[in-house]
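Engineer: Below is a structure I'd like to ask you about.
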Amino acid sequence: MSVIDEGCAIFEKILIMSLFLKLLIAGICAFFIGKFIKHKSLYPFMSFRYDFRKRRDTFRKSMSLMKEFGAKTILETGTSREGLRGAKSNGAATIVFGKWAKKNGGFVHSVDISEESVNNAQREVDRQNLQDYVKIHLNDSLVFLKEFEEPVDFLYLDSYDYSSDVKTQKESQEHHLEEFKRIESRLHEKSIVLIDDCDLPNGGKGKLVIEYMLQNGWRVLIESYQVLLVRQDLILDETK
Ligand SMILES: C[S@@+](CC[C@H](N)C(=O)[O-])C[C@H]1O[C@@H](n2cnc3c(N)ncnc32)[C@H](O)[C@@H]1O
């Protein structure tokens, strides 16, 4: 092989390697850009690192409505069993609404039937310094809601886990309907209701309760992974 041929072969290798390197860098950049686009934070309200994904926009709208109506009492069924670690999977609503309550003079009551869930959520409440704004109750939501006597400004239904099993799906849907019926008399004309895990096979947690609410003077404001409802005749500031 002549010196010129050898030189050409080395140059070809360098070209191939640099092309490979460029493709690798482009792939890594695309991966991180994709991740960044999918990342849905509640920044600056919450640290940017928490990704609320499919719940971000409905959380944001709920908080903006709460602010508009001066909400004070927030009631959640099913507590943040994974603390803030569960932002993407479970929502971490106890902490999100707890922080909102701290900032806006509200108070969160969160009820859960599992001692483990209650303990985990309480640890995160303590870590976030929200003890004066969040109370986590260990109880069956159906018992708790029946005994709850204050007017509820914001109701968040997210207890009985939904699954791929059809029997469990029905039980979860019936449970969430029953939860609503038990607290219905405490809701007023400006109450806001948010239901989690709705965009799932066979209607998700909200199927029966939403049907019931639509027949009883409520309307859907946002229908996505979560469903947000207000009274049919509630006048909203559409600029917000
Ligand atoms: C999906 S997690 C709640 C997630 C939480 N809302 C969040 O945003 O992080 C569901 C919780 O509902 C609780 N649960 C199930 N059945 C219940 C019932 N009958 N009463 C109260 N809580 C119940 C479970 O123990 C579990 O901790």
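Values quoted throughout were computed directly from the atomic coordinates according to the rules given, and no laboratory measurement underlies them. Here the structure is a predicted model, which is why all the values come from computation and not from measurement. Methodologically, a virtual Cβ is constructed for each residue, glycine included, from the backbone with ideal geometry; neighbour enumeration extends over all protein chains shown.
Engineer: Projected onto the charge dipole of the chain (+1 at Lys/Arg Cβ, -1 at Asp/Glu Cβ, origin at the Cα centre), which of Gly203, Leu228, Gly7 gives the Cα projection farthest towards the positive end?
Structural biologist: My answer, from the dipole projection, is Gly7.
Engineer: At 0.36 nm per residue, minus the direct Cα-Cα distance, what do Ile235 and Lys103 gain on full extension? Give it in nm, one decimal, please.
Structural biologist: 45.0 nm
Engineer: Within 13 Å, Cβ to Cβ, of Leu75, how many net charges do the neighbouring residues add up to if Lys/Arg are +1 and Asp/Glu are -1?
Structural biologist: -4
Engineer: Between Asn216 and Asp165, what is 0.36 nm times their sequence separation minus the Cα-Cα distance? Round to one decimal in nm.
Structural biologist: Taking 0.36 nm per residue and subtracting the Cα distance, the gain is 15.4 nm.
Engineer: Local charge sum around Ser191 (other residues, Cβ-Cβ under 12 Å, Lys/Arg +1, Asp/Glu -1)?
Structural biologist: Residues near Ser191 contribute 0 overall.
Engineer: Also, quick follow-up: What shape does segment 122-240 have by the C-alpha gyration tensor, where a ≥ b ≥ c are the square roots of the eigenvalues, rounded means a/c under 1.5, and otherwise prolate means a/b greater than b/c and oblate the rest?
Structural biologist: Rounded shape, in that the Cα axes give a/c under 1.5.
Engineer: Considering only Gln173, Gln215, Gln122, give the residue with the highest GNM mean-square fluctuation for the chain, with springs between Cα atoms whenever their separation is below 10 Å.
Structural biologist: Of Gln173, Gln215, Gln122, the most mobile in the Gaussian network model is Gln215.
Engineer: What FRET efficiency comes out for the pair Tyr43/Lys135, r = Cβ-Cβ distance, R0 = 22 Å, nearest 0.05?
Structural biologist: For Tyr43 and Lys135, the calculated efficiency is 0.20.
Engineer: Taking the dipole about the Cα centre of the chain, with the C-beta of Lys and Arg at +1 and of Asp and Glu at -1, give me whichever of Ser163, Phe45, Leu142 is farthest to the positive side.
Structural biologist: Among Ser163, Phe45, Leu142, the one farthest towards the positive end of the dipole of the chain is Phe45.
Engineer: Given the peptides 20-31, 70-81, 41-52, 203-214, arrange them by the average over their residues of other C-beta atoms within 10 Å, most packed first.
Structural biologist: 70-81, 203-214, 41-52, 20-31
Engineer: With Cβ to Cβ distances under 12 Å as the rule, what net charge do the other residues near Leu208 carry (K, R +1; D, E -1)?
Structural biologist: Neighbour charge sum, excluding Leu208 itself: -1.
Engineer: To continue, here is another question. My understanding is that a pair violates if its Cα-Cα distance is over 18 Å; which of Lys102/Lys181; Lys146/Lys207; Lys170/Lys207; Lys67/Lys102; Lys40/Lys67; Lys61/Lys103 do that in this structure?
Structural biologist: From Lys102/Lys181; Lys146/Lys207; Lys170/Lys207; Lys67/Lys102; Lys40/Lys67; Lys61/Lys103, over 18 Å: Lys102/Lys181; Lys146/Lys207; Lys40/Lys67.
Engineer: Could you give the nm distance between label points at Asp57 and Cys8, where each point is 7 Å from its Cα heading toward the beta carbon?
Structural biologist: 5.8
Engineer: Under 20 Å from the Cα of Lys35, which aspartates and glutamates turn up, not counting those fewer than eight places away in the same chain?
Structural biologist: Qualifying aspartates and glutamates at Cα under 20 Å: Asp51, Asp57.
Engineer: Length gain on complete extension for the stretch Asn119 to Met1, per 0.36 nm per residue less the alpha carbon to alpha carbon distance?
Structural biologist: Separation in residues times 0.36 nm, less the Cα-Cα distance, equals 34.9 nm.
Engineer: Then there's this: State whether segment 1-143 is rounded, prolate or oblate according to the following rule on the C-alpha gyration tensor (a ≥ b ≥ c being the square roots of its eigenvalues): a/c under 1.5 gives rounded; otherwise a/b larger than b/c gives prolate, and the remaining case gives oblate.
Structural biologist: Prolate, because a/c is 1.5 or more and a/b exceeds b/c.
Engineer: Given labels modelled 7 Å from the Cα in the Cβ direction, how far is it in nm from Phe32 to His188?
Structural biologist: 5.1
Engineer: Given the options His137, His109, His188, state which has the largest fluctuation in a GNM of the chain using a 10 Å cut-off (strictly under) for Cα springs.
Structural biologist: Of the options given, His188 has the highest mean-square fluctuation.
Engineer: What is the projected area of the convex hull of the Cα atoms of the chain, averaged over all directions, in nm²?
Structural biologist: The Cα convex hull of the chain, projected and averaged over all directions, gives 19.2 nm².
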